[in-house]
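A quick write-up on the structure given underneath.
The values are calculated or read from the model by the stated rules, or taken from the named source; none is laboratory data. Just so we're clear, the structure is a prediction, and the values are computed from it rather than from any experiment. In this analysis, Cβ positions are derived from the backbone assuming ideal geometry, glycine residues included, and neighbour counts consider all displayed protein chains. Heavy atoms of the whole protein, side chains included, go into the accessibility calculation; ligands, DNA and RNA do not. Shrake-Rupley method; radii C 1.70, N 1.55, O 1.52, S 1.80 Å.
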Amino acid sequence: MREIVKTITGKCRMCYACIRNCPVKAIKVVDGQARVVPELCIACGHCVQVCAQGAKLVEREIDKVEEFLAAGRVIACLAPSFVAEFHPAWPGQVVAALRKLGFDEVYEVAYGAHLVTLEYQKYLQEAGDRQGLISTPCPAIVNLVTKYYPRLLPQLVPVVSPMIALGRYLKARKGPDVRLVFIGPCVAKKGEAREEEVAGAIDAVLTFLELKEMLVAREIDINLCGNSDFDNDPAYLGRLYPVGGGLLRSAGIDADILTNQVLVVEGREDCLDFLKAVNEGKMVPQMADMLFCKGCINGPMQENDFSPYRRRKIVAEFTRQGLQNTRPQPLDLTGINLRREFHDQSVFFPRPSEADIRAILAELGKYTPEDELNCGACGYPSCREKAVAVYHGLAENRMCLPYLIAQLEKSNFHLRQELKAFQGKFGQLVGNSAAMQEVYRLIEKVAKTDATVLIRGESGTGKELVARAIHYHSRRSEAPFVSINCAALPETLLESELFGHARGAFTGAVTAKKGLFEEANEGTIFLDEIGDVSLGLQSKLLRVLQEGEFLRVGETRPTRVNVRVLAATNRDLEKAVKDGAFRPELLYRLNVITIWLPPLRERRDDIPLLARHFLEKSCQRLGKEVNGFTHEAMDALIRADWPGNVRELENVIERAVILTESKRIELGDLPRQFRNMAAGASGWAFTRGMSFKEAVAAYESRLILQALEESQGVQARAAEILGLKRSTLNEMIKRYNLMGRKNGGTNK
């Protein structure tokens, strides 16, 4: 179907004003651009009027008219609302300007309105007492009925509009080869001229704005033109058609408020309410004269700033002037058909189930009626109506302003946390060991490039932290960093998460969805546990790495992205290749640069630093004040094997902070297996990470405890063993808080 109103791609700024103001919601949002759907559009032009960005463009026919003018024999058909648009210029000056443009003759469409009036009188006589008739000069009203209220099609008066009436009259009188150009304030006329039922009556349609553009291009100033007469006979009351009730006044029909049998209905809201009421059988007047724009004098394609009342007055005065010294003359309309038929043009949309609507709302975190704010920012009156539009493919779910604000706040909070975490040179990576220094060196080198990096190491060694450090030190640092654990999802769901899916691609895919590769465009995607991806999905990942494109699930057209890929695994990929579980070509493509992260047991020098880091982090999160570790607790942490590596250490520290009741983490605050490790510690391993003063205190405490154990808790005997005075020993026991220990001794 012909697209009368188009969206200029890139100019739409997602304000959704067009959706809010479109009476039938004939707007489809695609990739943030609000586009008119021709099959649903009634061509009222409201979206053009309200678009602050000028992103809506009405179909232009200036070039077509210029070709007609160059070929000759062209007649201008001027809509009766022209007197209000071009005021204070005299009507004759507008006619003269059109002749200067090259039009051979200029006719008032008001004369066509006069012809329509005669046909209405004839039809109403035929209809007798028939009820519920709807006038048809306004093409927007006709579109509204044929597309949204097809049950009312028999109620439409089967008479053509004044534009078509004049066109058929002139084609019959001047010959079929003459070119007729309608000029007016209406967008819907462009569509009406090409309707199958009336095609051929009018050859082109210009808006008032297009006419002004042509006049400027030819340097024609209407106000400097002389007066010229129309070529048609008097139009009589046909000049009243652009104001509400003009047709009824012209046809001599009484719109009596008391009887409520003949109504004048103007304006978008009133027209919609009236048709809905008639469609539901709540109102059946004898006849309704309907104009969608509160009269053609308020049409969308005009730009004077007169009030509606002043425009109405100008049209009325022009009509009075035309009635002076004129009397209706008999017309010979033989061979001119002023009737037409109307056909059902409605589009069927299946009604979504309640489960479908809930699923769409749930994507925005709306699970209860209280979550549905119905703020209207998306352009739809309620969240549920927007959900229905999403189901029909007319809207994008994320058009919801409250949701976007919440997501933005969450994203800002996340970014602040990320920034805080990565304010250090290598973010949350902690360690000064030789092994970690080598990791830092590699990060600095590879971050400056776009090379694919494979990060390898045992679980819990901090592979994602390395990936983040690479991203935040790269040229892509201001773009998204997207992370996914490939082992956490089944193959079909993982493919959808990575590449996205089209609407209807599988059961439950009620809306189209972007994948993580698209979300990470211009940034970095981190594929954790890459060794657990299925062979089928491995081939698709290989295509992204090699070609920079992929297929959404359910689509056949590839999508291109610019993404840096970082991957991680704790598996032996070389062995997986030999076993046929991993594609060798993918391994070669991933393994451009490899960073090996050492397990914690191979960098025990870093454990005191890590322990203190996690202690501060846990205290801040839990709101507790714990200042450090006892020497026994630190010794146990240093000597542990840590199969879960840094992640296990963090969890152990957090547990200890929760359980401790003192200002320092003690051995008893650690899990049972750690307590058993402290007994045999000695030498450097015992004091690693401590200052000299802490180490001396730790050894003194340990010697006292051993002496007390040997003397079975008798302090006098322990003092002899240590070669100390009894009072000195007692003072040291108090200083090191050993009194409450198992072997704290008795003061015998």
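Of note:
- The lysines whose alpha-carbon is closer than 25 Å to the alpha-carbon of K624, local same-chain residues fewer than 8 away aside, are K420, K663.
- Among beta bridges identified by DSSP and lying wholly in the chain, the antiparallel ones come to about 20 percent.
- With kT/(6 pi eta Rh) evaluated at 10 °C and eta = 1.306 mPa s, and Rh the Kirkwood radius from Cα pairs, the stretch 84-239 diffuses with a coefficient of 93 µm²/s according to Stokes-Einstein.
- Counted without the sites themselves, the longest stretch of the chain free of chymotrypsin sites (Phe, Trp or Tyr not before Pro) in a DSSP loop having at most 13 other beta carbon atoms within 10 Å is 1-347.
- Of the residues S382, N337, S353, the one whose Cα sits farthest towards the positive end of the charge dipole of the stretch 310-388 is N337 (charges of +1 on Lys and Arg Cβ, -1 on Asp and Glu Cβ, taken about the Cα centre).
- Dipole axis of the chain (+1 Lys, Arg; -1 Asp, Glu on Cβ), positive-most option in L454, L442, L118: L442
- Estimated [θ] at 222 nm from DSSP helical runs (n ≥ 4, -39500 (n - 2.57)) normalised by residues in the chain, nearest 500: -12500 deg cm²/dmol
- Neighbour cut-off at most 16 other Cβ (10 Å), DSSP loop, GluC sites (Glu not before Pro), the stretch 215-311: E219, E280, E303
- Using a Förster distance of 25 Å, the FRET efficiency for E363-S477 (Cβ separation, nearest 0.05): 0.30
- Mean Cα-pair separation over length for the chain, i.e. relative contact order, pairs under 8 Å, 6 or more apart, %: 10 percent
- Cleavage-rule hits, trypsin sites (Lys or Arg not before Pro), the stretch 179-212, DSSP coil, Cβ neighbours within 10 Å at most 16: R194
- One chain, two ends: F413 and E59. Fully extended at 0.36 nm per residue, the span grows by 122.9 nm beyond their Cα-Cα distance.
- Working from label points 7 Å from Cα in the Cα-to-Cβ sense, the L542 to A451 distance is 2.2 nm.
- Amide N of the stretch 127-151 lying under 15 Å from the label point, which is placed 7 angstrom from the Cα of L331 along Cα→Cβ: 137
- Cα-Cα P(r), the stretch 626-675, percent of pairs per 5 Å interval: 5, 23, 36, 26, 9, 2
- The mean sequence distance of close C-alpha pairs (under 8 Å, at least 6 residues apart), as a share of the length of the stretch 306-398, puts its relative contact order at 21 percent.
- Over all pairs of different C-alpha atoms, the stretch 182-249 has a mean inverse distance whose reciprocal, the Kirkwood radius, equals 14.7 Å.
- Too-long pairs where the Cα-Cα distance tops 29 Å, listed order kept, from K190/K313; K276/K513; K6/K513; K366/K617; K617/K734: K276/K513; K366/K617; K617/K734
- Rounded to the nearest 20, the Cβ-based charge dipole of the chain about its Cα centre (Lys and Arg +1, Asp and Glu -1) stands at 2120 debye.
- Based on C-alpha pairs under 8 angstrom that are at least 6 apart in sequence, the stretch 550-660 has a relative contact order of 23 percent.
- Based on protein heavy atoms only, the stretch 69-161 ends up with 31 Å² per residue of surface accessible to a 1.4 Å probe.
- Between amide H atoms placed 1.01 Å from N, distances below 5 Å from R552 occur with T559, all of them 5 or more places distant or on a separate chain.
- Here is the list for the stretch 331-397: GluC sites (Glu not before Pro) lying in DSSP coil, each with at most 13 other C-beta atoms within 10 angstrom of its C-beta, are E341.
- The stretch 9-23 versus the stretch 552-620: alpha-carbon centroid distance in Å: 44 Å
- Cα radius of gyration and Dmax for the stretch 72-141 (Å): 16.5, 50
- Dimensions (Å) - the chain, Cα atoms, principal axes, largest first: 141, 59, 51
- 18 Å Cα-Cα reach of K578 towards aspartates and glutamates, excluding residues that sit fewer than 8 places from it in its own chain: D532
- When the solvent-accessible area of the chain is split by element, carbon and sulfur atoms take up 50 percent of it, the probe being 1.4 Å.
- For the stretch 131-174 versus the stretch 515-530, the gap between their alpha-carbon centres in whole angstrom: 56 Å
- A simple spin-label model places pseudo-atoms 7 Å from Cα toward Cβ; at Q121 and A695 they are separated by 11.8 nm.
- Between the stretch 385-403 and the stretch 273-343, the alpha-carbon center distance in angstrom: 37 Å
- Once the chain from S534 to L489 is taken as fully extended at 0.36 nm per residue, the excess over their C-alpha distance is 15.1 nm.
- Under the span-like rule (Cα at least 24 Å along the axis, Kyte-Doolittle mean at least 0.0), DSSP H helices of the chain: 692-710
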